[in-house]
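The structure appears below as structure tokens.
The values are calculated or read from the model by the stated rules, or taken from the named source; none is laboratory data. None of the values given here were measured: they were computed from a predicted structure. Quick reminder, even Gly has a Cβ in these numbers, built from the backbone with ideal geometry, and neighbours come from all protein chains shown.
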Amino acid sequence: MGRLLRKRPALGMALLSGVSTAVGIVIVLAIDWFPVQASTASPQIDTLWDVLMIASVPVFVLVMAVALYSVFAFRAEPGDLSDGEPIHGNTRLEVIWVTIPFIMVSALAVYGWIVLDDIEAKQTDPLIVNVTGQQFAWRFDYPDEGKVKSTELVLPEDRDVEFRVNTDDVLHDFWVPEFRLKTDAVPGLTTKIRLKPSRIGEYDVVCAELCGLGHATMRSAVRVVTPEDFDAWIAKEQQSETDGGAAAAGGDEAAAGKQLFTETGCNACHTLADAESASAIGPGLDELSADAEKYGEQNDQSPEEYVKTSITEPDAFLVPDFNAGIMPADYAEQLSPEELDTLVKYLLSVSGEEKP
Amino acid sequence: MATTPEHAARISRLQQARPEVVMHGLREEPRGWLAWLTTTDHKRIGIMYLFATFLFFILGGVEALLIRLQLAVPDGTLVTPETYNGLVSMHGTTMIFLFVVPVWAGFANYFVPLMIGARDMAFPRLNALSFWLLAFGGIAFYGSLFFEPPGAGWTSYAPLSDDAYLPGGGVDAWIFLIHLTGLSSLVGAINFIATIHNMRARGMGWGRMPLFVWSILTYSYLLVAALPAIAAAVTMLLTDRHFGTDFFDANGGGDPMLWQHLFWFFGHPEVYIMILPAFGIISEILPVFARKPIFGYKAIAAATVAIAFLGLLVWAHHMFTTPTSTVVLVFFMMSSFLIAVPTGIKIFNWIATLWRGSIMMKTPLYFAAALPALFVIGGISGVILAVFPVDWQLHDTYFVVAHIHYVLFGGSVFGIFAGLYYWFPKMSGRMLSEGLGKASFWVMFVGFNLTFLVQHSAGLSGMPRRIYDYPESAGWWGFNLASTIGSFLLGIGVMMSVVNVIVSIKKGQKAGNDPWKGNTLEWFTQSPPPENNFDVVPRVRSVEPMKDIRREVMKGAEPAGTVAQPVASGT
């Protein structure tokens, strides 16, 4: 090889590049780049990725081979002051390296477009899921399935789903890495995205667009289940929603309060042991009953009034070390007065308890 | 000159004498730091630009290292989410608006007049104004450290950047930075355009202009084309925040997508604004150190212009996940692909320049030869991101972070360091240490690849960008730890070059006029050049005027049109 490189550098380079390219392609195909494939779009996108990698390796190898070979083989000896070959250019080479990349990118563009068309194809009888992003939680509701509302996303396997993505406040981005699809939630617009889950399992909905301090923690669970389990889950949710209303009216206020706490997304920012949340973006609520007494007194409010004001007008009073403008100020619109009362009672009842 | 009694007496005698001689507008040359504050000399302004931008580079680097420390382990608690978002926003903004874009203005200020054989820029006072606008932009922005840094990222997407979500003054400081540095770049660009069009040496037609000057001309036109869009956008954001307008607020009938279109109409050309001058420097350095003419001069110059033109037509590829009609996005996918072609032309021509050269292995060549190798990775990942079904997975992940750093660090910053090592002898009259320079290169090269190569994988496995922490169960710890270690190596490598500059500026070997046997006219004059640059400007007969002059000197003939400056025999 060494002798060949010295005598016929161009031929030696071609051989060396060919071998490196083959090795490179084997490596890029062997690496497991993506999370598991959980939608019918995933294999298509992964194949497209593989094709792109196969097309990229020879380009990379060629550039590296020529550059590396040149700096080793054409290095001037110390004291050698001679000039290199006075070559000013070569029109034929220029034409070649304009044409070949042009053909390559055109072919890839056409292939990309075909995959795109395939994924965006119209569906028959899709399950509609409304997705709403807010700082810093996701909410899902199923308008055709008895208007079930949920903070976890449950989907039946092998059925087309159409997501209609909205946001209550800033930009968010709805992304399930295992589905390979993501789309922005834009204020004032509804974004649609279609896919078909193809693998039973538990994944995460991730927010991919910087949306404020809780961006990193804005995650929700996705469960892909069998169609039977899905129907059962819908039925159960419908039941519990009626029960939930009854419980709030009748007795089990703690359960209703805890549900409100997670459904409204409070847990994304506030630590509360009873609701198993441990985020530190906003003030922790485990000592709330004592704090509410203390700060309420400062503001001439009862503890209940203090907590309620803190939810509806978060900037009216600031706990030391926390800043204005971080907590969304629209909970008065999101929550009904009854829900607000339930939440306040719940918060004051579970905070300050002795924890084992 | 202080006024001495003899001096005063002489002046009064002169005043009594007839005919009266009156000189208008002649001021005494200030000295010391005042000379720097009041200067309109393009070389001094260039040095001030380089000094200020490297200072910002170090600040931005410290911010980057804090980000990496926070992400080194899962559930990091080094900084609060608020501080983290501030660091992310300041790092991106600093590196782009206060380092890479203006550092080119610094190099161009110093070297464009020298390379085209001019004695200063076309508008010297305007030139000083551009520097001071930049300095005040940086001060206004860093002033926000004392109240509340911006928290919406360097892109400041509305409505997060609106007063409802970020009421503190940080975003306002960011807006003032964009306006001040934008004005600075705009007047600077007009100055470069006027200088390059009108002040070239005799004989320097468009086909004989150095490729770095071609790239600066293109950079300037791009700035003029792109900056008004962002200036309009940030003005609208300012009135949204403080004067009750609703340009970007959907509740008032505005549209947050408008911000993204305006931002990226500027933002994508900005990428080429940052990379084209690096391409220009490489096109100067490679032929000098390969001792061979540049391969395909016309192709490279044409590719520069083609990239700039196409660069104005690709902005929505940053918006592939927004609700935009598919036909529009397909257009932007195609145009983004097309850019790969002229970029490829450049890379192929550079490596063809090295082929069969007689290569001098000096530090500037190390940085210059690494650039095509690193940039090809950023270029390939760019093509992959332009395939928009794949972009659905990769958008807003660490894959994009890796891509932007391969382009901006592997491309622009390696180009900046190549330029620093190449031109330092001209600016200071002294050589940088080769040993320390090469060591710095290797530490930077290894550190850079360790930091950013693994970030591709982190992104592909689902790590979104701009997150302040991640759970251990996500499985990204290994990638992030490697990245953090790499970033500190990279920092050490950069500091080695900083030390090299500080030591060599006083103690470096004397450089002489032309230590590298350069091709272009800046090597014709002394190091550092006198205030008027050239006593006599030679007539230019090719792309490599210095090679012509050396050849004539070798033949023993006095080169035409040159008298004053001796030509150094090299090292």
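In table form, for the structure just shown:
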{"quantity": "Count - residues of segment A:84-136 that are of a type in the set (D, E), closer than 30 Å to A:E162 by Cβ and facing chain B (nearest Cβ under 8 Å)", "calculated": "1"}
{"quantity": "Residue check for B:L385: in contact (Cβ under 8 Å) with a residue 40 or more places away in the chain, of a type outside the set (D, E, K, R), at negative phi and crowded, with 24+ Cβ neighbours inside 10 Å", "calculated": "no"}
{"quantity": "Answer residue from segment A:159-188, given it is among the aliphatic types (A, V, I, L, M) and within 18 Å of A:K122 (Cα to Cα) and is nearest to the other protein chains (Cβ to nearest Cβ) among those", "calculated": "A:L181"}
{"quantity": "Matching entry among B:A225, B:A250 (being surrounded by fewer than 20 Cβ atoms within 10 Å (Cβ to Cβ), within 14 Å of another protein chain (Cβ to nearest Cβ) and of a type in the set (G, A, S))", "calculated": "B:A250"}
{"quantity": "Test: A:T124 is touching a residue at least 24 places away in the same chain (Cβ under 8 Å), among the hydroxyl-bearing types (S, T, Y) and within 30 Å of A:A280 (Cβ to Cβ)", "calculated": "no"}
{"quantity": "Answer residue from segment B:334-350, given it is aliphatic (A, V, I, L, M) and buried (at least 24 other Cβ atoms within 10 Å of the Cβ) and is nearest to the other protein chains (Cβ to nearest Cβ) among those", "calculated": "B:I347"}
{"quantity": "Residues of segment A:37-88 satisfying the condition of being part of a loop (DSSP other than H, G, I, E, B), at pLDDT 90 or above and not hydrophobic (A, V, I, L, M, F, W, C)", "calculated": "A:Q37, A:T40"}
{"quantity": "Residue identified as of a type in the set (A, V, I, L, M, F, W, C), at the interface with another protein chain (Cβ under 9 Å from one of its Cβ atoms) and either farther than 22 Å from B:M463 by Cβ or exposed (fewer than 12 other Cβ atoms within 10 Å of the Cβ) (or both) among A:V66, A:V61, A:V51, A:V26", "calculated": "A:V66"}
{"quantity": "Among the candidates B:A128, B:A72, residue that is of a type in the set (G, A, S), surrounded by 15 or more Cβ atoms within 10 Å (Cβ to Cβ) and under 24 Å from A:H215 (Cβ atoms)", "calculated": "B:A72"}
{"quantity": "Cβ-Cβ under 6 Å pairs, at least 6 apart or on other chains, segment B:397-410 side closer than 15 Å to B:R465 by Cβ, far side hydroxyl-bearing (S, T, Y)", "calculated": "B:H403/B:S381"}
{"quantity": "Residue match in segment B:544-567 (condition: more than 14 Å from every other protein chain (Cβ to nearest Cβ), more than 28 Å from A:G79 (Cβ to Cβ) and modelled with pLDDT of 90 or more)", "calculated": "no"}
{"quantity": "Candidate set: segment A:189-212, residues that are surrounded by fewer than 24 Cβ atoms within 10 Å (Cβ to Cβ) and facing another protein chain (nearest Cβ under 7 Å); chosen: the one nearest to B:G253 (Cα to Cα)", "calculated": "A:L189"}
{"quantity": "Residues of segment A:102-112 satisfying the condition of being closer than 22 Å to B:A352 by Cα and touching a residue at least 12 places away in the same chain (Cβ under 8 Å)", "calculated": "A:M104"}
{"quantity": "Those residues of segment B:30-44 which are touching a helix residue (DSSP H, G or I) at 6+ places or on another chain (Cβ under 7 Å), outside any helix (DSSP H, G or I) and free of Cβ contacts under 8 Å to residues at least 12 places away in the same chain, in sequence order", "calculated": "B:P30"}
{"quantity": "Selected residue (only one of B:A140, B:A152, B:A173, B:A158 is under 24 Å from the mean Cα position of the chain (by Cα) and in a loop (DSSP other than H, G, I, E, B))", "calculated": "B:A152"}
{"quantity": "The listed residue being closer than 30 Å to B:S358 by Cβ and assigned to a helix (DSSP H, G or I), out of B:A301, B:A226, B:A232, B:A306", "calculated": "B:A301"}
{"quantity": "Complete set of residues in segment B:485-497 that are among the β-branched types (V, I, T) and either within 17 Å of B:G60 (Cβ to Cβ) or touching a strand residue (DSSP E or B) at 6+ places or on another chain (Cβ under 8 Å) (or both)", "calculated": "B:I492, B:V494"}
{"quantity": "Qualifying positions in segment A:306-340 - more than 10 Å from every other protein chain (Cβ to nearest Cβ) and in a loop (DSSP other than H, G, I, E, B)", "calculated": "A:E313, A:P314, A:A316, A:F317, A:L318, A:V319, A:P320, A:M327, A:L335, A:S336"}
{"quantity": "Some residue of segment B:92-103 being modelled with pLDDT of 95 or more and over 22 Å from B:L420 (Cα atoms)", "calculated": "yes"}
{"quantity": "Lone unmet requirement of (1) assigned to a helix (DSSP H, G or I); (2) at pLDDT below 75; (3) not aliphatic (A, V, I, L, M) for A:K258", "calculated": "(2)"}
{"quantity": "Test for B:I359: is it at the interface with chain A (Cβ under 8 Å from one of its Cβ atoms), touching a residue at least 24 places away in the same chain (Cβ under 8 Å) and closer than 30 Å to B:M431 by Cβ", "calculated": "yes"}
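Per-residue answers, yes or no, for (1) free of Cβ contacts under 8 Å to residues at least 12 places away in the same chain; (2) of a type outside the set (D, E, K, R):
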{"residue": "A:V26", "(1), (2)": "yes, yes"}
{"residue": "A:D32", "(1), (2)": "yes, no"}
{"residue": "A:T40", "(1), (2)": "no, yes"}
{"residue": "A:W49", "(1), (2)": "no, yes"}
{"residue": "A:L52", "(1), (2)": "no, yes"}
{"residue": "A:A55", "(1), (2)": "no, yes"}
{"residue": "A:F74", "(1), (2)": "yes, yes"}
